[in-house]
Each structure stands twice: as structure tokens, then as C-alpha cells.
Amino acid sequence: MITLLIGIGILGLIGLWIISMYNGLITMRNRVDEAWSDIDVQTKRRYDLIPNLVNTVKGYAAHESGVFQKVTEARAAAMRATNPHDKLAAENMLSSTLKSLFAVAEAYPDLKANENFAKLQDELSDTENKIQASRRFYNGNVRDFNTKLQVFPTNFIANLFSFTAREFFEVETEAEKQAPAVQF
């Protein structure tokens, strides 16, 4: 009888341990999902600013239609992307086209002095900073989740319940890995 009670107690402890590990993995997975949602919120804010920025620049540089078309296409592609890999590629393309838009703006002193353009540029810059913070937050959560999936003994529970590692949101292009050149 005592052996039976000890056996039931041990099985109960093992069951509680499995439940605890499973719940911990669920919590971490939800944090990763929340962090991804933060990236979505900030990128949507950027997507909303871009048409206003393009229209402002168009008023001064109407003959630069190729740049406007590329920005519009890159924005649309970024809005369609759903997973981290596709989203990163689309965001890198959008950042590149926005840089070309700002390069066009540099050639028009009246545009640079335009209050609306300056305000939009500041808002976009602020949004870019928030996107970077969201990416760091996401990557930190992904790191913690992936580590938890790989360490003993949690890896057994993770495999048992088919938890899979998440992808980091990383810079892909060599141009983005290099520090920008600043000239005075």
C-alpha cells in the first residue's frame, strides 16, 4: 500500500513538472508573439506615414516618378509579408527605397525647408527608432524561447508537444550591416 502511494506521489510530481514546463513554454511563445505584434504596430505606423511623405516630395520633384513607384511597391510588399523572413526582406527593401526618396529630397532646398516634410521626416525617424526597439525586444524574446527549447530537460517537453524554434529578425544586406558614412 505504501509503495502504491509513493508511486502515485512520484507520478503526480512528474505530472506537475510536465505541466509546469509546458506552461512555461506557452508563456514564452506568447511573449514572442506579442513582440512580433509590436513590430507589426510600428511598421503599420511607418506604412501610414509613407504616402504622405511621397505626396509631399511629389509636389517638389514630380519628375522623380521612378523613385515614387519603387517606394510604393516596396511599401505594398512589406504590408503583405507575414513571417519574419519575408517581413525582413520587405522591410530592408522599403528602407532602401526610402533612402533613395530622401536622397531625392536633398536635391530640393525648398522641400527640405517645407514644414510638413520636416515633420513627416521627424515622425518617420521616430518610428524607425521604435521599430528598432521592437526588433530588439522581439529578438530577445526569441533568444530566450529558443534557448528554453534547447536546454535539458525542457527540450524533452518541447519535442513532446512539438514546439519549434522561432526565427530572429536580423539584418540581411551588407549595406545595412555597415555603419552609415557621416559627412560634415
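No value in this document is a laboratory result; all are computed from the given coordinates. All figures in this text were calculated on a predicted structure; none of them were measured in a lab. Counting neighbours? That spans all protein chains shown, and the Cβs are built from the backbone with ideal geometry, glycine included.
Look at [x] 91, 27, 27; [y] 43, 36, 30; [z] 49, 35, 30: the one that is Cα extents along the principal axes in Å derived from this structure is [x]. By the helix-only formula, in which each DSSP H run with n ≥ 4 contributes -39500 (n - 2.57) and the sum is divided by residues, the chain has a 222 nm mean residue ellipticity of -28500 deg cm²/dmol. Ordering 121, 168, 96 by the projection of their Cα atoms onto the charge dipole of segment 46-171, which places +1 on the Cβ of Lys and Arg and -1 on the Cβ of Asp and Glu, puts 168 at the extreme positive end.
Listed highest first by mean packing, meaning other Cβ atoms within 10 Å per residue, what order do 4-14, 116-126 come in? Could you put the intermediate results ahead of the total?
Values: 4-14: 9.7, 116-126: 14.6.
Per-residue mean Cβ counts within 10 Å order the peptides as 116-126, 4-14.
Look at the dipole of the chain built from charges on Cβ: of 32, 5, 146, the Cα furthest out on the positive end belongs to 5.
With only alpha-carbon atoms in the gyration tensor, what are the semi-axes of the equivalent ellipsoid for segment 89-158, in Å, largest first?
Numbers: eigenvalues 360, 30, 7 Å².
Largest first, segment 89-158 gives 42, 12, 6 Å.
When +1 charges are put on Lys and Arg Cβ atoms and -1 charges on Asp and Glu Cβ atoms, the dipole computed for the chain relative to its Cα centre reaches about 420 debye. Computed from backbone phi, the HN-Hα couplings of segment 31-44 come to 5, 5, 4, 5, 5, 5, 4, 4, 4, 4, 4, 5, 5, 4 Hz, rounded to whole numbers (Karplus: 6.51 cos²θ - 1.76 cosθ + 1.60, θ = phi - 60°; Gly and Pro given as x). The mean sequence separation of alpha-carbon pairs under 8 Å and at least six residues apart, normalised by the residue count of segment 24-134, gives a relative contact order of 39 percent.
Phi angles across segment 135-149 convert, under the Karplus curve 6.51 cos²θ - 1.76 cosθ + 1.60 with θ = phi - 60°, into 3J(HN,Hα) values of 5, 5, 4, 4, 4, x, 5, 5, 4, 5, 5, 5, 5, 4, 5 Hz, Gly and Pro given as x. Exposure proxy ranking for 36, 17, based on other Cβ atoms within 10 angstrom of each Cβ and starting from the fewest, stands as 17, 36. Looking at the chain, how many pairs of lysines come closer than 25 Å at the Cα, when each pair is eight or more places apart or spans two chains? Lysine pairs satisfying the spacing and distance rule in the chain number 29.
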